[in-house]
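Okay, structure first, notes after.
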Amino acid sequence: MTTRPFDFLIFIGRFQPLHLGHLAVLQQGLERAEKLIVLIGSAWQPRSVRNPWSYAEREAMVHAALGPMGGRVLTAPLMDVPYNDEAWVRNVQSTVQGLVTAHHEVPHRPPRIGLIGHSKDHSSFYLKLFPQWDSVAVENIGGLSSTPLREALFGVDGERGGDAWLKSEAAQVLPAPVRDELAHFCAGADYAEVRAEHAFVAEYRKGWAKAPYAPTFVTVDAVVVQSGHVLLVERKARPGQGLLALPGGFVDQHERLVDACLRELREETRLKVPAPVLKGSIRAQQVFDEPYRSARGRTITHAFLIELEPAAELPKVKGGDDARYAYWLPLADLDPARMFEDHYFIIQHLLGL
């Protein structure tokens, strides 16, 4: 008979990348539970400075770091829902329920389930969202955080980064198998692309380095829908070059928000709809302010939902200004892995999808 107090312990993290602090939690979880459920967050996101590695790559890091112990680990992707905590909680609950139903080996007894983690900062608020599960608190080993490790690996602030950093003493906070996984990653084109994105963001932020306080930027975005389609652009420049985005941009000093939104909409899509019709078609306006929504810095956007009357033929559009292309995408074809920043979630939230 088992002496472990839990059948399942749940560990939620982004693991960008997995470090020794994560590994300590994984190991303690396996000591206390028959099986450890690892939910890997920020799944289905495009590569970016904050999310350089895919779900599959981070899943490989988890199993590589644990070695033979990984046989008792169940991994699953977890999608972000930045503007709907209840939907995120429901996703966690349903994922855990499915895994427990499939892997609970003592059907005559209710499974003993717990949530393991440590409250490192405000991002760990989720530990209080599941009162139905016991909580297992663990120490934050060495106060480790993935953010400075990412910056070092990608050579932020002129550091060498890459394979050279992985061989340094500073990189020893990563498990050896994870360093091997990252060395392979650094030899490929994806590393070079994310590093270039890091370099762009670092140069962008230099322009505000001497400000008396960290700036907050204000932007606008247009969610234009018609006949089951949403109007999107393909970004022409960094950050997010090649990703799909909502038409939008920064607010000029002399503009009202709605005027800035309509100006950016016309500049980026050449949408042939009169301004009075667009204004009369605004159905909602909402602020989106997730603190990490933009790598460029604290950026708060005001999104306008513009619902045009159904038509057999969609208005012609053409990319302009910061947009390489503009086109209408069926709502069913929206893919978070192709979308810039939080634009997928803005669309989902405003349309109630």
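The values are calculated or read from the model by the stated rules, or taken from the named source; none is laboratory data. Just so it is clear, the structure is predicted and the values come from calculations on it, not from any experiment. Cβ sites come from the backbone with ideal geometry, for glycine too, and all protein chains shown count toward neighbours. These area figures cover heavy atoms from the full protein model, side chains too; ligands, DNA and RNA do not enter into them. Shrake-Rupley method; radii C 1.70, N 1.55, O 1.52, S 1.80 Å.
Quick one: in region 181-233, of everything that is farther than 24 Å from Arg150 by Cα and polar (S, T, N, Q), which residue is surrounded by the fewest Cβ atoms within 10 Å (Cβ to Cβ)? The residue in question is Ser227. For region 30-44, the set of residues classified as farther than 25 Å from Val106 by Cα and surrounded by fewer than 20 Cβ atoms within 10 Å (Cβ to Cβ) consists of Trp44 only. Within region 272-293, the only residue that satisfies the criterion of being crowded, with 17+ Cβ neighbours inside 10 Å, touching a residue at least 60 places away in the same chain (Cβ under 8 Å) and assigned to a loop (DSSP other than H, G, I, E, B) is Arg293. Restricting region 234-253 to residues that are in a loop (DSSP other than H, G, I, E, B) and of a type in the set (A, V, I, L, M, F, W, C), the residue that is surrounded by the fewest Cβ atoms within 10 Å (Cβ to Cβ) is Ala237. When the residues of region 16-29 are filtered to those that are open to solvent by less than 10 Å² (accessible area, probe 1.4 Å) and closer than 27 Å to Glu105 by Cβ, the one that is farthest from the chain's Cα centre (by Cα) is Gly29.
Among the residues of region 315-330, those identified as within 19 Å of Val273 (Cβ to Cβ) and either open to solvent by 40 Å² or more (accessible area, probe 1.4 Å) or not in a loop (DSSP other than H, G, I, E, B) (or both) are Lys316, Lys318, Asp321, Ala323, Tyr325, Ala326, Tyr327, Trp328, Leu329. The residue that is nearest to Leu278 (Cα to Cα), among those in region 215-261 that are modelled with pLDDT of 95 or more and of a type in the set (Lys, Arg), is Arg256.
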